[in-house]
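The structure appears below as structure tokens.
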């Protein structure tokens, strides 16, 4: 039976001496002998090349004070986290608990963070959040280009975040992050069946172009700002178009569109939106109404054409009457008119004159 036990500790190691399960102290480099007839002595040899000291009796070692000059001791509360640098390179993040790091072989630097502000900010943010264990302790959110992030903590609005990456400590509070697109967006309000004041049912397709100018309002006033704008535009279309007769609507669509835009713009401002434009894209009439409108248009155009023809005929007759009056009052002018007619007839081709009785011949001779 062996009465003595021998333990060898190398220069980069440390021995943890335990007797009857109780921590007794540290063993530095060298060979150590212990009288142990009952087998109560145990030495755990750990390497200081791995600075993190992990042991089931760590709390006893810390309480004894034996580690004070050879290790960095941490006792993190529930609201604290630790950032660990080893040899000036970031290593990992520690949650609440007790920890010890050897300082003999490597340079260890610890930064303790209070997580009660919830949001994590650091000059080496990108390096830290991409380290091991970071995703267990930090929620990382990104705001894309041309977007804004609306931050709520425990249901209370805190800030609007510009494009970039942001971190929030898990377990510190309930952090909710809503990303909002700031670019112009188009809402198609299609297939709206509306009855006009004269009981004609028509179908409208409208287009609304908008952008978010107050992200906090856009996420706080309604659960879905796009759906809210769509619904409000529907109601405005029914109100404005339903108050007009069909002919009034068709002849003054620009004024109708302007009234619709003004009403939609007023409501959009309450939702944190800015309206760029509102337009009526299509107006679809029922088949029988379309045929009737075509007939009305055809009759109107035919009446307009008939009126124009009558006006032209009246003008021509009036001109002929004026000419006849001038010719009757001036024999010389009448003579010149007759000669012009004969000249046109002669220039058109061969002129054949067939004479009858003597009286007609004399008249032609006198005419020539």
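Would you compute, from DSSP H runs of 4+ residues alone, the mean residue ellipticity of the chain at 222 nm, taking -39500 (n - 2.57) per run and dividing by the full residue count, rounded to the nearest 500?
Result for the chain: -11500 deg cm²/dmol, rounded to the nearest 500.
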Original post:
If eta is 1.306 mPa s and T is 10 °C, what Stokes-Einstein diffusion coefficient results for the chain, Kirkwood Rh from Cα pairs, in µm²/s?
Top reply: 50
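Can you pull the Rg over Rh of region 1-44, Cα-only, Kirkwood?
0.97
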Original post:
Relative to the present Cα-Cα distance, how much length would full extension add between residue 313 and residue 274 at 0.36 nm per residue of separation?
Top reply: 8.2 nm
Original post:
To the nearest 10 degrees, how steeply does helix 331-348 sit against the main Cα axis of the chain, on a 0 to 90 scale?
Top reply: 70
**OP:** Run the quick spin-label model on residue 55 and residue 146: label points 7 Å from Cα toward the beta carbon, then report their separation in nm to one decimal.
**Re:** 6.0
Original post:
When the Cα atoms of region 1-110 are enclosed in a convex hull and the volume is divided per residue, what value in Å³ results?
Top reply: 95
**OP:** Would you mind getting me the FRET efficiency between residue 33 and residue 177? Use the beta-carbon distance for r and R0 = 51 Å, nearest 0.05.
**Re:** 0.25
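Using a Förster distance of 30 Å, how high is the FRET efficiency between residue 40 and residue 63, based on the Cβ-Cβ distance and rounded to 0.05?
0.90
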Original post:
What does a probe at residue 106 reach in region 71-90, counting residues whose amide N is under 20 Å from the point 7 Å along Cα→Cβ?
Top reply: 71-75, 82-90
Subject >> Residue-span extension gain [residue 123 to residue 96] - 0.36 nm each, minus C-alpha spacing >> reply: 7.5 nm
Original post:
Mind ordering 156-162, 309-315 by average Cβ neighbours within 10 Å, highest first?
Top reply: 156-162, 309-315
Original post:
How far, in degrees from 0 to 90, does helix 358-367 lean away from the longest principal axis of the Cα atoms of the chain, to the nearest 10?
Top reply: 50
Subject >> Estimated FRET transfer efficiency (residue 327, residue 247; beta-carbon r; R0 56 Å; 0.05) >> reply: 0.65
Subject >> Fraction of alpha-carbon pairs over 14 Å apart in region 220-274 - percent >> reply: 55
Subject >> Degrees separating the helix 287-329 axis from the principal Cα axis of the chain, which is the longest one >> reply: 30
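A short reminder: the numbers here are calculations on the coordinates, not readings from a lab. Because the structure is predicted, anything quoted here is derived from the model rather than measured. Glycine also receives a Cβ, built like all others from the backbone with ideal geometry; neighbour counts cover every protein chain displayed.
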